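Read-outs throughout are calculated quantities, based only on the coordinates presented, and are distinct from any laboratory measurement. Predicted model only: the values in this text are computed from it and were never measured. Here the Cβ is made from the backbone with ideal geometry for all residues, glycine too, and neighbour counts use every protein chain on show.
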Amino acid sequence: NRNYKKEEFGVALDKDNCGQAYVCGRLFAVLEKLQRDASGIKLNRTIKDAYFASASAKPAIVFPKLIKLAQNHLNKVKSPAYYSILLGEIMDKLNGEFPETLLLQDQGRFIIGYYQQYQSFFEKKETNSEMEEN
């Protein structure tokens, strides 16, 4: 309880949240979406199936492997620039390295970051005309 620090999470993606666990969760979601988009077909096994638990516990060991795999996926998607920019923006928040380990409480933050980032891929984007009306 000495290390307890109350952290508030909204119900939507928080791009300004620089908590390392949350950022790693966001990064994992982008890597999984990239893999899915690159495959073009339904996958039997995604990186989520193979690496989610280990990535949320030991990011420093898992993420370098996933980033290497992502380089192959970038060559297969229609918009590699979109993913490259998004990955760069998220990785800039990691302070130059992946956390060695995440405590159970931080694994919860990882999960929240993952699901909020993944959900954001399916939200309707406002068009220019909708934004002008508001």
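Below are the figures for this structure:
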item	result
Low-density loop cleavage sites - GluC sites (Glu not before Pro) in region 67-104, where at most 13 other Cβ are within 10 Å (DSSP)	Glu97, Glu100
Segment Phe122-Leu94, extension gain: residue separation times 0.36 nm, minus the distance between their alpha carbons	7.6 nm
Footprinting exposure proxy for Cys24, Cys18 (fewest neighbouring C-beta atoms within 10 Å first)	Cys18, Cys24
Inter-probe distance in nm under a simple model that places probes 7 Å from Cα toward Cβ, at Asn44 and Tyr115	2.9 nm
In sequence order, calculated HN-Hα J values of region 18-33 (Karplus, 6.51, -1.76, 1.60; Hz; x Gly/Pro)	9, x, 4, 5, 4, 5, 5, x, 4, 4, 4, 4, 5, 5, 5, 4
Those residues of region 106-125 whose amide nitrogen sits under 17 Å from the label point placed on Ser84, 7 Å along Cα→Cβ	none
